[in-house]
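Working notes for the structure below.
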């Protein structure tokens, strides 16, 4: 069929009086997969380390976000670049107060963070909000919803909200979050919030990278002390009962007394800080300043007695050991010879021809000889 026939409109034939269809424009060439790859490669050009570092130190959010993306990337080339950036930013970090925030589902973390965050930025502070999402391996980053819920804070020029890495083990996600803290501090953010999505294993990771641990709770949900691990409560420096407004005010006060009695039974903290229980309403902006006052008092106390800095030193060595363990584990399972042998030994274990411990010892011995 000729090009003319292809563009022929039957409606223009003489039998159809009063109708006229204009010729359309010629169709563009189809986009090939190679051209898409070339476009992406061109638009994802990596910059020199110094460009990222200079931009971060000047508070350039675009370059900060690009550097954070490199930290989150699994690409070895990106990881090398990210580590070089972090190394150069390290001397400019450490000047913020790092606050871990967690709570039961439905407690109103996003609303609370926006209320407290706005309070901080209105006082002239700069805030970075990061997230550790242990469910991200399944959901591919459900925490992204938080950015849409914090509309006011997301539009605040003195605030930076970054969702957690979209996949990976909790240890890997936590390590990357710690590295992102360094970049945010170098960019001038003097307040860093690390949020978790619920009560569970991730709280331990958050506690190991923050100065202050804030636990949000609800009142009027049955037994106030049920459904929360004692370990989480022991980690908390302040428990804030949110949604303490309207008809819920009295219930919140009753819950406050219950929690206050409970935390008095816990051993004394190494920081010499006595945890408190407060009530607040993030929606009504009630009690927000009191929560922040507690954080400032904690920083003042632990700064004077030296605990603030000793804890940070302990955290730095902890993450060194965690990184070593994670890297060894990754190298072990990524080794092609180990992968092949692992399948064989798994079958031996399943058929009860070999115990789990003997199989593990066999693999570790084999791995040590490969090095």
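The values are calculated or read from the model by the stated rules, or taken from the named source; none is laboratory data. Everything quoted here is computed from the prediction, not taken from an experiment. Backbone-built Cβ (ideal geometry, glycine too); neighbour counts: all protein chains shown.
Could you tell me whether residue 73 is within 19 Å of the chain's Cα centre (by Cα) and touching a residue at least 40 places away in the same chain (Cβ under 8 Å)?
No; evaluated as a whole, the condition is false for this residue.
Pick from the range 232-248 the residues that are farther than 15 Å from residue 109 by Cβ and under 32 Å from the mean Cα position of the chain (by Cα): which of them is surrounded by the most Cβ atoms within 10 Å (Cβ to Cβ)?
My answer is 244.
May I ask you to verify whether residue 301 is outside any loop (DSSP other than H, G, I, E, B), in the same structural domain as residue 123 (by TED's automatic domain parsing) and surrounded by 15 or more Cβ atoms within 10 Å (Cβ to Cβ)?
Criteria met by residue 301.
Considering only the range 217-228, I want to know if a residue exists there that is touching a strand residue (DSSP E or B) at 6+ places or on another chain (Cβ under 8 Å), at pLDDT below 80 and over 26 Å from residue 321 (Cα atoms).
yes
Check residue 312 against each of (1) touching a residue at least 24 places away in the same chain (Cβ under 8 Å); (2) exposed (fewer than 15 other Cβ atoms within 10 Å of the Cβ); (3) within 21 Å of the chain's Cα centre (by Cα); (4) more than 30 Å from residue 273 (Cβ to Cβ) and name the one condition it does not meet.
(4)
Checking the conditions here, which among 188, 198 is closer than 30 Å to residue 123 by Cα and either under 10 Å from the mean Cα position of the chain (by Cα) or modelled with pLDDT of 85 or more (or both)?
188
May I ask you to list pairs of residues, at least six apart or on different chains, whose Cβ atoms are under 8 Å apart, with the first in the range 335-350 being within 17 Å of residue 369 (Cα to Cα) and the second being modelled with pLDDT under 90 and part of a helix (DSSP H, G or I)?
335/370; 337/370; 338/370
When the range 263-296 is examined, which residues are found to be over 21 Å from residue 248 (Cα atoms) and surrounded by 14 or more Cβ atoms within 10 Å (Cβ to Cβ)?
263, 269, 271, 273, 275, 292, 294, 295
Look at the range 129-157 and say how many of its residues are surrounded by 15 or more Cβ atoms within 10 Å (Cβ to Cβ), modelled with pLDDT of 85 or more and over 21 Å from residue 283 (Cα atoms).
Here the count works out to 1.
Please work out if residue 169 is modelled with pLDDT under 80, touching a strand residue (DSSP E or B) at 6+ places or on another chain (Cβ under 6 Å) and either within 20 Å of residue 323 (Cβ to Cβ) or not assigned by TED's automatic domain parsing to the domain that holds residue 117 (or both).
So residue 169 fails the test.
Taking the range 281-296, which residues are touching a strand residue (DSSP E or B) at 6+ places or on another chain (Cβ under 9 Å) and in a helix (DSSP H, G or I)?
288, 290, 291, 294, 295, 296
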